[in-house]
Structures are given as C-alpha cells and as structure tokens.
Amino acid sequence: MTGQPQHVVVVGAGLGGIRTAEQLRTAGFRGKISLVGAEQHLPYDRPPLSKQVLTGEWDPERIVLCDKARLDELGISARFGEPAVALHDGAVELADGTRLQGDAIVAATGVAARRLPDQPDTARTLRTLDDTLALQNALATARSLLIVGAGFVGAEVAGAARARGVDVTVLEAMPVPFTRALGPEIGAVCARLLTEGGVDLRTGALLERFTGGSAVELADGTRLDADVMLVGIGGVPELGWLASTGIDTSDGVPCDARGRVEGVAGMWAVGDIAAWTDPVRGGRHRSEHWTNATDQAAAVARDIVGADAPPLSTPYFWSDQFGLKIQLVGRPDLADTVLPLHGAGLDSGPVKGTVAAYFAGARLVGVVGFGAARLIARYRGLVGREADRAEVLALATSE
Ligand SMILES: Cc1cc2nc3c(=O)[nH]c(=O)nc-3n(C[C@H](O)[C@H](O)[C@H](O)COP(=O)(O)OP(=O)(O)OC[C@H]3O[C@@H](n4cnc5c(N)ncnc54)[C@H](O)[C@@H]3O)c2cc1C
C-alpha cells in the first residue's frame, strides 16, 4: 500500500474496533470506513457488564460507546449482527455473503468466553450484554450461585451476588486464585477479598463433570448444586474468520510493534486478539485489558494514515470487587519478586490500602493496589521507566 488507503474495513465493533474508526477520523482520514460487528447492539463498553449493569445501577444505554447519530456524523458505515466469516485477498466476507473489499483491514474481534468440555447450556458465561441481562434475570430469584473459575469477572459477579444476599461458591483449580494474573502472593490477598466477602472459595477443586442443571461433581467426589452456575475461565480469541489466511493464530494475531499483522500487508490488529511485539523487550504480548485496546486503536489509526504513533502507555488494569478497586500497573508476568510497599494485606492485615511492587531483578515492572488509587498514581511513572528497587523502597518509606 502506498499513501493512505481508500477504504478501511474494521472487523469487530467493540471497544478496539469503534475506537480505531473514531481515531481514524481524528487523525484526518477522509476515505471510507466500514465497521462490522457480530452482535446486534451498537458498540458498547464491557467492564460495566460485570459491575454497574449487572447490579442494576446502570441502564444498558449508559454503556453505548458510539450511537447511531455519531456514527453518521463520523461517516462510519456500520453493519451490526453480521459476523465476518472469512478474509480473502483484502475482502472481508460476512455471514450473509456480502464481501467488503478494503485496502486496509483492522482485526478487532476480541475474545469469546472459554468453555469447558461438555459444558451444558445451563452453565452461563459472561462476555456480552445479552449474557449480563440473562444472568441478572437469573440472579433476581436465585438463592445460590456456583462459579467455576476464580477470575476477575467471576470475582466481580461473586461480589454482586453476595450484595444481593445470594450464597456463592467459587471453584478454583489452582491452590491460589489469580496466580497466573497476579502471582501467588497477591492472589492470596484477592482470595481474602472473596472469603471475607462471605464466598465459599474452594481452591484445588478439580471439576470432574457437569451432572445436569447447575450441578457438578469434583474429582474428589464432592457434589455441588446451585440455582445458577457461571463458568468464568477466561477468553479465547475470536479468530475463526482468519482460518484460511495462513496467519499463525496460535496465540492471537501476531503483530509488529505498530500493530501491523506479521506477513500480511495492509492489515492491523488491536485489542484482546492482538499479540503486539514489545519494542523494548522483544517477544509478543497479548493483553485483555481495556486501556490496551484504547491505546492500540489510537496507534493503529495513526499508522494507517502514515502519522507517527504515540508510545503506548504503561499497561493498566482495574477490577471492582467487594467495594474495593484493585488496580494493576505494569507486567507482573515479568517479575521474580513481590514486595509490600504500603498496608498490611500481605501479612494478613486489612486488604484495603495494600500496595505491592513486582520486581524483575532490581527493576520495577509492576505495582498492584487495593483501594489505594492515590498511591498507585504515585508509582505509575516509576513502573513506566522500570525504576530501581532502592528508589521504589525509599519512596514507599518517605512519608
Ligand atoms: C465482563 C467483563 C468485564 C471486564 N472488566 C474489565 C475491567 O474491569 N478492566 C479492564 O481493564 N478490562 C476489563 N474487561 C476487558 C475489556 O472489556 C476488553 O479488554 C476490551 O473490551 C477489549 O476490546 P476489544 O475490542 O479487543 O474486544 P471487545 O470489546 O470484546 O469487542 C470485540 C467485538 O468483536 C465482535 N466480534 C467477534 N467475532 C466477530 C466476527 N467474526 N465478526 C464481526 N465481529 C465479531 C464481538 O461481538 C465484539 O463486539 C472486561 C471484559 C468483560 C467481558
């Protein structure tokens, strides 16, 4: 492709997709933009699905990211309820047979809820607005909820259900929940949020089989039954429509440090499906976080119009559980050591106010906080420049 493209086709009308389309206009793109989404809904924001929308605090209208009038104003030609099924030579094929020929393609199809083998339809998942409304409806009359998998979404749902007085049991296969995302030390702090919130948390619990309705049997023979069951075991990238492209999608869509898909001219990927090359450390990293999708959308839009992209911000993630905001800055997966900076949560004291640092050798690669927004703001810049351990510990003891 030389010069600016004429027609950008954005596949996936969630956060990354709509932000890319909007940012293209902000970056001065005057050509045609087509946006296609598998769901019937206007683009909407997902974090409130397991928070304010599930609890009923917010109406679904409040999470719309871009309404029809704004789409028209931006000149974005949108098709909803029509998934892409294939990509051939720059043409995106939709389920109804329509072909959209673009000279720039942006893949933003996100992830679908991961399912267990033989998972029955009675086991709910939470990924879409429709999932949330169905779960909300089921919880309105439920007395008990069984959650398979102690992930962030499961923990948020557990908190919302406990607030309604529902008995909640959470099954986690690992000895400590959140180990993969936060490491065992911080995972143990998150586990306390669940148990102190009145959740029956069962760790090391291996699911043997579903036994009908919302009942399961564990490997040790324990049988559990509840009014409602939710399986929350993470997401799987939505890549089926790329099957015939030859792209190696073993862990998302492989991209360079600007989001250009490796080996495919005129194609970019953003958000949960995109495995971007880390310009500093090398290697590819896929992140299922809101800020990541927003940042990547802005960078890709600028790259498409030939402008320099701003550097990506330091990775950031939050989760609201049991009245506390958990905030994570950086890459805990790179760490070999976790040290407490503030509060006593790592020593069995109150979880609220706890802040801990992740170090790779002497370099600060992440910070996590529980109800400690002011402190997290203080360390964000230090994570960005991978500050030295001595500087971080000195700051922690400076007041
Ligand atoms: C319940 C929930 C709570 C969350 N809470 C937080 C949080 O607290 N903090 C945080 O940082 N992140 C949170 N996230 C993650 C955050 O929402 C995602 O990282 C973000 O939405 C990623 O944007 P995306 O565009 O990659 O994917 P999505 O926003 O999921 O959008 C992908 C879109 O593509 C569509 N699609 C899929 N396949 C096709 C196809 N073949 N053709 C056309 N369209 C297709 C989908 O229907 C979807 O609308 C949460 C996610 C969920 C589900």
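Taking first residues from region 5-18 that are within 9 Å of the ligand (Cβ to nearest atom) and partners that are part of a helix (DSSP H, G or I), the Cβ contacts under 6 Å between residues at least 6 apart in sequence or on separate chains come to Leu15/Ala293; Gly16/Gly271; Gly16/Ala293; Gly16/Ala297. Restricting Ala274, Ala309, Ala298 to residues that are without any contact (Cβ under 8 Å) to a residue 60 or more places away in the chain, in contact with a helix residue (DSSP H, G or I) (Cβ under 9 Å, 6 or more places away or on another chain) and of a type in the set (A, V, I, L, M) narrows the list to Ala309. Any idea which of Ala161, Ala155, Ala140 is crowded, with 19+ Cβ neighbours inside 10 Å and away from the ligand (no atom under 13 Å from the Cβ)? Result of the check over Ala161, Ala155, Ala140: Ala161. What do you reckon, is Phe178 away from the ligand (no atom under 11 Å from the Cβ) and among the aromatic types (Phe, Trp, Tyr)? When the stated conditions are applied, Phe178 passes them.
Filtering region 23-65 to residues that are within 15 Å of the ligand (Cβ to nearest atom), open to solvent by less than 60 Å² (accessible area, probe 1.4 Å) and charged (D, E, K, R) leaves Glu39, Asp45, Lys51. Within region 344-388, the set of residues being open to solvent by 10 Å² or more (accessible area, probe 1.4 Å), under 11 Å from Gln327 (Cβ atoms) and in a helix (DSSP H, G or I) comprises Ala373, Arg374, Leu375, Ala377, Arg380. Only residues that are in a loop (DSSP other than H, G, I, E, B) and open to solvent by less than 10 Å² (accessible area, probe 1.4 Å): list them for region 1-11, please. Residue satisfying the conditions is Pro5 alone.
Residues of region 271-297 that are within 13 Å of the ligand (Cβ to nearest atom), of a type outside the set (Val, Ile, Thr) and either open to solvent by 40 Å² or more (accessible area, probe 1.4 Å) or part of a helix (DSSP H, G or I) (or both): Gly271, Asp272, Arg286, Glu288, His289, Trp290, Asn292, Ala293, Asp295, Gln296, Ala297. Every condition in (1) within 14 Å of the ligand (Cβ to nearest atom); (2) assigned to a helix (DSSP H, G or I) holds for Asp320 except the one numbered (2). Only residues that are without any contact (Cβ under 8 Å) to a residue 24 or more places away in the chain and not aliphatic (A, V, I, L, M) were counted across region 131-141, and they come to 1. Here is the figure for region 47-78: residues that are among the charged types (D, E, K, R) and either in contact with a Gly (Cβ under 7 Å, 6 or more places away or on another chain) or free of Cβ contacts under 8 Å to residues at least 12 places away in the same chain (or both) total 6. Considering region 247-262 alone, what residues qualify as being open to solvent by less than 50 Å² (accessible area, probe 1.4 Å), within 16 Å of the chain's Cα centre (by Cα) and without any contact (Cβ under 8 Å) to a residue 40 or more places away in the chain? Gly252, the sole residue that qualifies. Being more than 8 Å from the ligand (Cβ to nearest atom) and surrounded by fewer than 19 Cβ atoms within 10 Å (Cβ to Cβ) is the filter here, so list the residues in region 107-123 that pass it. Once the filter is applied, which keeps residues that are more than 8 Å from the ligand (Cβ to nearest atom) and surrounded by fewer than 19 Cβ atoms within 10 Å (Cβ to Cβ), region 107-123 yields Arg114, Arg115, Leu116, Pro117, Asp118, Gln119, Pro120, Asp121, Thr122. Within region 83-101, track down each residue that is more than 14 Å from the ligand (Cβ to nearest atom) and either touching a residue at least 60 places away in the same chain (Cβ under 8 Å) or buried (at least 16 other Cβ atoms within 10 Å of the Cβ) (or both). If the condition is that a residue be more than 14 Å from the ligand (Cβ to nearest atom) and either touching a residue at least 60 places away in the same chain (Cβ under 8 Å) or buried (at least 16 other Cβ atoms within 10 Å of the Cβ) (or both), then His88, Gly90, Gln101 are the ones that fit.
For Ala265, the stated conditions do not hold, so it cannot be described as buried (at least 19 other Cβ atoms within 10 Å of the Cβ) and of a type in the set (A, V, I, L, M, F, W, C). Keeping to region 199-249, report how many residues are hydroxyl-bearing (Ser, Thr, Tyr) and either in the same structural domain as Ala173 (by TED's automatic domain parsing) or at pLDDT 95 or above (or both). Selection size over region 199-249: 4. Among the conditions (1) under 23 Å from the mean Cα position of the chain (by Cα); (2) open to solvent by 30 Å² or more (accessible area, probe 1.4 Å), Ala301 misses just one, which is (2).
The values are calculated or read from the model by the stated rules, or taken from the named source; none is laboratory data. Remember, predicted model here, so these are calculated numbers, not experimental data. Cβ atoms come from the backbone with ideal geometry, glycine included; neighbour counts cover every protein chain shown. Side chains are part of the model used for accessible areas, which takes the heavy atoms of the whole protein and leaves out ligands, DNA and RNA. Shrake-Rupley method; radii C 1.70, N 1.55, O 1.52, S 1.80 Å.
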